[in-house]
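J.: Quick one: structure below, then a few questions.
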Amino acid sequence: MEVTFLGHAAVSITTKSHTILIDPFLTGNALASVRADEVKADAILVTHGHSDHLGDTVAIAKRTGALVVACAELAGWLKQQGVSVHAMHLGGSHEFPFGWVKFTLAFHGAGIDTPQGTVYGGNPVGILFRSDGKTIYHAGDTALFSDMRLIGQRHLLDLAMLPIGDNYTMGPDDALYAAELLAPKAVMPMHYDTFELIHQDAHAFVEQVRAKGIQAYEVKPGESVEI
Ligand code: NI
Ligand code: MN
């Protein structure tokens with residue numbers, strides 16, 4: 001499985017047979033490594049309705065026909081926008097043709113940013129995704145919470161993508177602690193440097209994670225890791 005960082009919290013996962021996007025915020029994302037009108041997608045997984053995560057989901061889904069998987073409240077809104085959706089909720093998992101998805105807790109807001117204002121969006125989620133025998137965890141936007149240990153105990157994680165930007169989410173110190181709780185094989189930092197308020201030293205973070213005995217990748221937008 002190949003995981004390509006698209007900038008901010010956006011990633012593209014290439015399995016043997018499918019391309020899955022998570023949080024495709026590309027238009028307006030200064031770090032985006034691909035345009036919304038060219039990115040491939042068979043499915044789109046969305047952690048919450050904030051514009052830096054929902055991003056170009058509607059446009060990409062309409063262009064590609066990708067199925068959008070989201071928390072029930074957000075999925076309901078997306079359905080109204082004319083895209084095909086699959087609603088899930090916290091703790092639930094489902095086997096799709098493109099892989100297995102489970103929604104985990106995330107501690108954050110979940111309002112949907114629309115031109116008409118903020119719409120109720122249910123809960124924010126973290127995402128577990130498994131395909132080709134590999135499991136990845138995309139934490140979404142979240143605070144540190146001790147049940148991350150439970151996620152790591154229940155699921156052997158080949159890669160954990162963790163926000164390190166601080167201010168809106170965990171900062172590097174809490175993300176380092178999260179890495180210890182989750183005990184993944186590898187960590188990839190995300191949700192940093194997109195704008196000044198969340199500027200962080202990802203290289204230093206990666207070095208600190210490695211010092212804990214966990215592999216870590218500093219992945220630039222457009223770069224990939226093979227897991
Ligand atoms: Ni957010
Ligand atoms: Mn965010």
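J.: Which whole-Hz ³J(HN,Hα) couplings does region 68-84 yield from phi under the Karplus relation 6.51 cos²θ - 1.76 cosθ + 1.60, θ = phi - 60°, glycine and proline marked x?
T.: 9, 10, 8, 3, 3, 5, 5, 4, x, 5, 5, 4, 5, 7, x, 10, 7
J.: Please turn the phi angles of region 164-181 into ³J(HN,Hα) values with the Karplus equation 6.51 cos²θ - 1.76 cosθ + 1.60 (θ = phi - 60°), one per residue in order, whole Hz, x for glycine and proline.
T.: Here the 3J(HN,Hα) series is 10, x, 6, 6, 9, 9, 3, x, x, 4, 5, 5, 5, 5, 4, 4, 5, 5 Hz.
J.: Take the Cα gyration tensor of the chain, multiply each eigenvalue by 5, square-root it, and list the three semi-axes largest first, rounded to whole angstrom.
T.: 24, 19, 17
J.: Taking R0 as 22 Å, what FRET efficiency do you get between E223 and F107 from their Cβ-Cβ distance, rounded to the nearest 0.05?
T.: Calculated transfer efficiency: 0.15.
J.: Run the numbers for Y120 and K62: contour at 0.36 nm per residue of separation, minus the present Cα-Cα distance, in nm.
T.: Values: separation 58, 0.36 × 58 = 20.88 nm, distance 2.25 nm.
Net length gain for the segment: 18.6 nm.
J.: Let me ask you something else. DSSP loop (so not H, G, I, E, B), at most 12 other Cβ within 10 Å: list which trypsin sites (Lys or Arg not before Pro) in region 7-106 pass both filters.
T.: Answer by residue number: K16, R35.
J.: What full-extension length gain, to one decimal in nm, is calculated for D132 and K16 as 0.36 nm per residue of separation minus the Cα-Cα distance?
T.: Working it through step by step, the gained length comes to 41.0 nm.
J.: Right, here's the next one. About the Cα centre of region 50-121, how large is the charge dipole given +1 on each Lys and Arg Cβ and -1 on each Asp and Glu Cβ? Please answer in debye to the nearest 20. Mind showing how you got there, number by number?
T.: On the way: 4 positive and 5 negative charges, 37 e Å.
So the dipole magnitude of region 50-121 works out to roughly 180 debye.
J.: Moving on to the next point. Which entries of K40/K212; K62/K102; K79/K102; K102/K212 have Cα-Cα distances beyond 31 Å here? Show your work: numbers first, answer last.
T.: On the way: K40/K212 36 Å; K62/K102 24 Å; K79/K102 20 Å; K102/K212 27 Å.
Violating the 31 Å limit, Cα to Cα: K40/K212.
J.: What is the set of long-range amide H partners of M161 at a cut-off below 5 Å, with H atoms built 1.01 Å from backbone N?
T.: So M161 has HN proximity to Y137, H138, A139, M188.
J.: Would any residue of region 13-53 have its amide N under 20 Å from a label point 7 Å out along Cα→Cβ of E196? List them or say none.
T.: Only 28-32 pass the distance filter.
J.: Just the accessible area per residue of region 31-129, please: how many Å² with a 1.4 Å probe?
T.: Details: 4130 Å² over 99 residues.
For region 31-129, the per-residue accessible area is 42 Å².
J.: Using the Karplus curve 6.51 cos²θ - 1.76 cosθ + 1.60 with θ = phi - 60°, work out ³J(HN,Hα) for each residue of region 47-59 in order, rounded to whole Hz, and write x for Gly and Pro.
T.: With the stated coefficients, region 47-59 comes to 7, 5, x, 4, 4, 7, 10, 4, x, 8, 3, 5, 5 Hz.
J.: Now for a different question. Under a plain spin-label model, where a point goes 7 Å from the Cα along Cα-to-Cβ, how far apart in nm are T27 and K40?
T.: Modelled inter-label distance: 2.3 nm.
J.: Please give the per residue accessible area of region 132-212, computed with a probe of 1.4 Å over protein heavy atoms only, in Å². Don't skip to the answer; put the middle values down first.
T.: Working: 3450 Å² over 81 residues.
Using a 1.4 Å probe on heavy atoms only, each residue of region 132-212 averages 43 Å².
J.: Further, regarding this structure: With unit charges on the beta carbons (Lys and Arg positive, Asp and Glu negative) and the dipole taken about the Cα centre of region 101-187, which residue among A178, T104, T142 sits farthest to the positive side?
T.: T104
J.: Scan around M88 for amide H atoms under 5 Å from its own, H built in the peptide plane at 1.01 Å from N, and keep only partners 5 or more places away or cross-chain.
T.: So M88 has HN proximity to A70, C71, A72.
J.: Still on this model: Could you tell me the ratio Rg/Rh of region 179-227? Both radii from Cα atoms, Rh via Kirkwood. Walk me through the intermediate numbers first.
T.: Working: Rg = 11.3 Å, Rh = 11.6 Å.
Rg/Rh for region 179-227 comes to 0.97.
J.: Using a 1.4 Å probe on the protein heavy atoms, what percent of the accessible area of the chain belongs to carbon and sulfur?
T.: On the way: 4530 of 9350 Å².
Answer for the chain: carbon and sulfur cover 48 percent of the accessible area.
The values are calculated or read from the model by the stated rules, or taken from the named source; none is laboratory data. Everything numeric here is computed off the predicted structure, so don't read it as measured data. Note: ideal-geometry Cβ built from the backbone for every residue, glycine included; neighbour counts use all protein chains shown. Ligands, DNA and RNA are stripped out before the accessible areas are found, and what is left, the full protein with its side chains, is counted by its heavy atoms. Shrake-Rupley method; radii C 1.70, N 1.55, O 1.52, S 1.80 Å.
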